[in-house]
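The values are calculated or read from the model by the stated rules, or taken from the named source; none is laboratory data. Remember, it's a predicted structure, so these values are computed and weren't measured experimentally. Because the Cβ atoms are built from the backbone with ideal geometry, glycine has one as well, and the counts that use them run over all protein chains shown. Ligands, DNA and RNA are stripped out before the accessible areas are found, and what is left, the full protein with its side chains, is counted by its heavy atoms. Shrake-Rupley method; radii C 1.70, N 1.55, O 1.52, S 1.80 Å.
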Amino acid sequence: MSQLTVLVTDDDKDIRDGIEIYLKNEGYHVLKAADGLEAIELLEKNEVHLIILDIMMPKMDGITATFKIRAERNIPIIMLSAKAEQTDKIHGLSVGADDYITKPFHPLELMARVKSQLRRYVNLGNFGDAAQVDGLELDVAAREVRVDGEPVKLTPTEYKITELLLKNAGRVFSIGEIYELVWNEPAYNAENIVAVHIRKIREKIEADPKNPRYLKVVWGLGYKIEK
């Protein structure tokens, strides 16, 4: 694959420039935006493989930008925020972000998150066969999940969770197992993070998310896709 492009969006020029240095050292092509509006304009004109997106910005904040981006694209989004509260993290993930990192952060930690998200995004569909349970179908080649033949728009993280559970239909995965297999890092305070993504997946694949046909909770153990 050709050089991967990362879009860095933050209203602080020093932060944009600092992140750019580390990304370029890792071999990525970098685009920069000072707010959500500028980021969306760059997305319309360029092929972007990952977005680093600050929450608090003028003109258009990161939450609003994420809503608009998710309406058209499923590329990974890593949110940046000065807020460290778990509820803020959950809110960021619930609107469609794939990962969340709190300022101030170590640049090497951010690079590790970038590599993890890009590896998952680029490699989606490069291994394994299609899987299907009743009307729920995984098309690996197309990087797509379909319900009764209709495509479902999932974020990369939502896709990866669905892929994991659907390829192993009937097997129960604990929250820790899901987090470690999907995020490729040790599970720490993972309960709410995984639960948010499970809820979003259910909203997209289930006719009645409160009475799911496919994605089941096994109380005290974890989640599974029913065979």
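Quick notes on this structure:
- Taking 0.36 nm per residue of separation and subtracting the current Cα-Cα distance, fully stretching the chain between K167 and E191 would add 6.4 nm.
- Reachable lysines, given that their alpha-carbon falls under 25 Å from the alpha-carbon of K32 and they are not under 8 places away in the same chain: K13, K24, K45, K59, K68, K83, K89, K103, K115
- Farthest toward positive dipole pole in the chain [+1 Lys/Arg, -1 Asp/Glu at C-beta], among A82, I69, N189: N189
- Candidate cross-link partners of K167 among the lysines, defined by an alpha-carbon separation under 20 Å and a same-chain spacing of 8 or more, comprise K153, K200, K204, K216, K224, K227.
- Of interest is the spacing of the C-alpha centroids, which for the range 196-227 and the range 22-53 amounts to 34 Å.
- The chain - accessible surface per residue (Å², probe 1.4 Å): 48
- Along the chain, counting only chymotrypsin sites (Phe, Trp or Tyr not before Pro) with a DSSP assignment other than H, G, I, E or B and at most 11 other Cβ atoms inside a 10 Å radius, the longest segment between sites is 1-126.
- Quarter the surface of the alpha carbon convex hull of the range 1-94 and you get the mean projected area, 6.1 square nanometres.
- Accessible carbon and sulfur surface of the range 134-222 relative to its total accessible area, %, 1.4 Å: 48
- GNM top mover of I63, I21, I52 - the chain, alpha-carbon springs below 10 Å: I21
- Between helix 13-25 and the chain: long-axis angle, C-alpha atoms, 0 to 90°, nearest 10: 70
- Nearest-0.05 FRET efficiency for L181 and F67, computed from C-beta distance (R0 25 Å): 0.35
- Low-density loop positions, GluC sites (Glu not before Pro), the range 132-227 - DSSP coil, at most 16 other Cβ in 10 Å: E206, E226
- Choice from A169, A207, A33 showing the highest fluctuation, given a GNM over the chain with Cα pairs closer than 10 Å: A207
- Solvent-accessible surface of protein heavy atoms, probed at 1.4 angstrom with all chains present, puts K115, K216 in the order K115, K216, largest first.
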